1. Just to confirm my filter: which helices (runs of 4 or more DSSP H) fall fully inside the stretch 1-74 and include at least 3 residues that are closer than 17 Å to Gly124 by Cα and not small (Gly, Ala, Ser)?
2. Look at Thr69 and say whether it is in contact with a Gly (Cβ under 6 Å, 6 or more places away or on another chain) and over 19 Å from Ala168 (Cα atoms).
3. Counting only residues that are under 14 Å from the mean Cα position of the chain (by Cα) and in contact (Cβ under 8 Å) with a residue 12 or more places away in the chain, give me the helices (runs of 4 or more DSSP H) lying completely in the stretch 79-140 with at least 3 of them.
4. Go over the candidates Ile92, Ile147, Ile136 one by one and state the one that is of a type outside the set (Gly, Ala, Ser), in contact with a helix residue (DSSP H, G or I) (Cβ under 8 Å, 6 or more places away or on another chain) and farther than 29 Å from Leu5 by Cα.
5. Name the residues in the stretch 46-103 that are among the small types (Gly, Ala, Ser) and closer than 16 Å to Ile13 by Cβ, would you?
6. Here's a check for you: in the stretch 150-179, which residue that is in contact (Cβ under 8 Å) with a residue 12 or more places away in the chain and over 21 Å from Val119 (Cα atoms) is farthest from the chain's Cα centre (by Cα)?
7. Tell me, which residue of the stretch 149-166 that is crowded, with 20+ Cβ neighbours inside 10 Å and of a type in the set (Val, Ile, Thr) is nearest to Leu23 (Cα to Cα)?
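Values quoted throughout were computed directly from the atomic coordinates according to the rules given, and no laboratory measurement underlies them. All of these numbers come straight from a predicted model, not from anything done at the bench. Every residue, glycine among them, receives a Cβ derived from its backbone with ideal geometry; neighbour counts consider all protein chains shown.
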Amino acid sequence: MANHLKEERTLVIIKPDGIQRSLIGEILRRYERLGLKLVAIKMMVPNKDHIEKHYTLDPNWRTITGEKTIASYKKKGMKPPSEDPLEITAVILENLKTYMTSGPVIVMVWKGVHAVKIVRKITGGTEPLTSDVGTIRGDFVLDSYQISDIDKRSVRNLIHASGTEDEAEKEIKHWFEENELINYRHIQEAILYDVNLDGILE
C-alpha cells in the first residue's frame with residue numbers, strides 16, 4: 001500500500017468500444033489534465049479466462065454484484081430476471097467476457113493523490129444514461145441498462161476503473177508485472193506536491 005497519498009495507484013482499462021470509437025486520446029487527456037501520472041500502459045486482446053479472473057479477484061464479487069443488480073431492478077419498479085444473486089451474476093460475467101474479449105483493450109496504471117476516487121469521479125457512473133454531464137461516460141455514451149438488458153449484453157460504457165485502493169492493487173498485479181510499472185519524475189509534481197513550492201525558481 002502507498003506510504004503517501006501521492007503514491008496511490010489505480011487501474012484503468014479502455015474497453016473495446018472506447019477504442020473502436022476513437023476515444024483513446026480524449027480519455028487519456030481527461031486523466032492527464034487532472035494531474036495524474038501515467039506509469040504503465042499496454043494494448044492487448046485479453047482472453048476470457050483473464051477477464052473472469054479480473055472480475056472475481058474479490059471472492060465476494062458474484063454475490064455483491066448479483067444483490068446490487070436485483071436491488072437496482074426493484075428500485076426501478078422492474079422484476080429482476082432471478083432472485084438468485086449467483087444466477088444473475090453468472091449471466092453478467094458471461095456477457096462481460098464476450099464484451100471485453102471482442103477486440104483490443106488498453107490497460108493503464110495512473111498514479112497520484114486520491115487516484116482511485118478522482119478517476120472514478122471523472123469517469124462517471126457505471127450506467128452512461130445516468131452519468132453526470134462532464135464525466136467521460138456522461139459525455140460520450142448513450143447506452144443504458146434497459147437497452148443492454150433487452151439486447152442481452154453488457155452495458156457499453158467505454159472504461160473500467162478500480163473501485164477501491166485495495167481493488168486497484170489487486171487488479172494492477174493481475175494485469176502488470178512489477179517491472180512494467182515505470183518510476184519516473186514528472187515536472188508537474190513540483191506544483192502538485194512540493195509543500196512550499198520552493199523548487200520553482202531553482
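1. Output list reads 24-34.
2. Spelling it out, it is not the case that Thr69 is in contact with a Gly (Cβ under 6 Å, 6 or more places away or on another chain) and over 19 Å from Ala168 (Cα atoms).
3. Answer list for the stretch 79-140: 115-123.
4. Numbers: Ile147 fails: in contact with a helix residue (DSSP H, G or I) (Cβ under 8 Å, 6 or more places away or on another chain); Ile136 fails: farther than 29 Å from Leu5 by Cα.
None of the others qualify; the one that does is Ile92.
5. Ser102, Gly103
6. In this case the residue turns out to be Lys152.
7. Ile159
Condition check ((1) in contact with a Lys or Arg (Cβ under 7 Å, 6 or more places away or on another chain); (2) more than 22 Å from Met43 (Cβ to Cβ)) across all residues:
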position	(1), (2)
Val113	yes, yes
Thr126	no, yes
Asp149	no, yes
His160	yes, no
